[in-house]
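The values are calculated or read from the model by the stated rules, or taken from the named source; none is laboratory data. Not measured: the values here are computed from a predicted model. With ideal geometry, Cβ positions are generated from the backbone for all residues, glycine too; neighbour counts draw on all protein chains shown. Only protein heavy atoms, including side chains, enter the accessible area calculation; ligands, DNA and RNA are left aside. Shrake-Rupley method; radii C 1.70, N 1.55, O 1.52, S 1.80 Å.
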2 protein chains.
Amino acid sequence: MARASLTRDDVLDTAANLVKQHGPEALTMRKLAAELGTAVTSIYWHVGNRESLLDALVRRTVAELGEIRPAGRTPAERVVSVARILRRRLREHPHLVAMVHERGLTERMFLPAQQALVREVHAAGLRGARAAEAVRAVQFQVVGFVLVERNRERAPAQQPTEDRYDDPALARAFARPVDEERLFVRSVRALTQSLLDGEEAARKQEESARK
Amino acid sequence: MARASLTRDDVLDTAANLVKQHGPEALTMRKLAAELGTAVTSIYWHVGNRESLLDALVRRTVAELGEIRPAGRTPAERVVSVARILRRRLREHPHLVAMVHERGLTERMFLPAQQALVREVHAAGLRGARAAEAVRAVQFQVVGFVLVERNRERAPAQQPTEDRYDDPALARAFARPVDEERLFVRSVRALTQSLLDGEEAARKQEESARK
DNA sequence: ACCTGAACACCGTTCAAGT
DNA sequence: ACCTGAACACCGTTCAAGT
């Protein structure tokens, strides 16, 4: 791991590793310096301070995320596929969502997904403000779901909630751990269906009313 | 603000104020001691340490949250009303969701809402595993939405995303700030409708198939 | 241009000592 | 039973000094 001289990228790479493994709160300037084998103050020369180091890290990661290629036969299916790709990608970088949010880069991060979603929502016949609303609803749902998931994983074992319902199958279902992938797909599908079909139906009604 | 002697509740109250105003990360033992007019180490005698102080704080707040009374004529409307109540309540305690999650109290916190949702989902004809899934879908959506909202508020001004779509009304809609209340209600309504109606339809199909 | 150690102001926490 | 100050191990950051 010998190095000719310390570069900004060395710092970013090592910092990225620490964050990936133990989260951003575990990234201290002193540990990072130890890992790099330099004095703490050298880091400051290369990246300014802790906050701008994290900022650079986040921007680099966002830039690497790349585009989204939807799959599926219908617009609804393709919306679901975009959601799944987005979720998988966010899960590969478990700390990214929060870090991106804190730095006001959310809109930028979701631009590729947003563009893909706009295409599908257009294909389903939505336009203008209603199309924008549908796209945002899906975006909020996906990001929200991932945030909830992340929180659940970080969380210690949940206090079991000994709830008594007069529906034993439901009580058993609540006792089982959540199948998050399944719940996610079902939720997105349900939301999408409602957003697209509702609009589809309204559009047809309008058309027939015009005759 | 003179006090006979320091009590555990004094510590919790003052800590709650600090957290409410500046967030949990602003709660330092030293600032808290200054605010209380005692030595830092007194706090340790009353509450153990910083983590158990925050834990006690969260548990107290959760216990104070109270029950949820749904409103509306149909199960779907009442589900939406539960969601709105839950969202409003979470927004009154902006730091609570994250703190609750970190301490594994999520399930307990959402128990009142869960019970209300189970009743409505039952009223709509869902049972067992599918009822549980519907309840969880709504729960995930509400919590996720609030988390996204919170992140957006904390976030600095978003980099505007100069997107070029061939739909000027949509571009304008994206340029406007999000009407979160509206988006929230629409999303929950869309999801709920799909979850309940889909099930309703499936049930009717089954019934007619049995004849 | 790049790297260093010393120093400062902040943390949470422990501990022995007081009443 | 309750409160205290001193001390420890950790932070991020600045600065003057080196090459």
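Tabulated data for the structure shown
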read-out: Minimum Cβ-to-axis distance in chain A for the rotation onto chain B, with residue, whole Å; value: A:144, 1
read-out: Other copies of residue B:72: label-to-label distances in nm, shortest first, labels 7 Å along the beta-carbon direction; value: 2.4
read-out: In nm, spacing of pseudo-spin labels at residue B:40 and residue B:67 (7 Å Cα→C-beta vector); value: 4.6
read-out: Rotationally averaged projected area of the range A:8-63 (alpha carbon convex hull; nm²); value: 3.3
read-out: Chains A and B, summed buried accessible surface - 1.4 Å probe, Å², nearest 100; value: 5300
read-out: Derived scalar couplings ³J(HN,Hα) [the range A:97-111; Karplus, 6.51 cos²θ - 1.76 cosθ + 1.60; whole Hz; x for Gly, Pro]; value: 3, 4, 5, 5, 4, 4, 10, x, 10, 4, 4, 4, 4, 8, 4
read-out: Label point distance in nm, residue B:123-residue B:169, each placed 7 Å from Cα along Cα→Cβ; value: 3.6
read-out: Computed label-point distance, nm, for sites residue A:31 and residue A:197 using a 7 Å Cα→Cβ extension; value: 4.9
read-out: Cα gyration tensor shape of the range A:41-146, rounded if a/c is under 1.5, else prolate or oblate by comparing a/b with b/c; value: prolate
read-out: Test item: B:167-173 mean partner chain Cβ contacts at 10 Å; value: 6
read-out: Shortest-first nm distances, residue A:30 label point to equivalent points in other copies (7 Å, Cα→Cβ); value: 1.4
read-out: Accessible-area composition of the protein assembly as shown, carbon plus sulfur, in percent [1.4 Å probe]; value: 50
read-out: Backbone HN-Hα couplings from phi across the range A:39-51 [Karplus 6.51/-1.76/1.60, Hz, Gly and Pro as x]; value: 6, 3, 6, 4, 4, 4, 5, 7, 10, x, 8, 4, 5
read-out: Per-residue average of Cβ from other chains inside 10 Å of B:111-119; value: 2
read-out: Per-residue average of Cβ from other chains inside 10 Å of A:101-110; value: 5
read-out: Residue among B:62, B:178, B:79 with the largest mean-square fluctuation in a Gaussian network model of chain B, springs linking Cα atoms under 10 Å; value: B:178
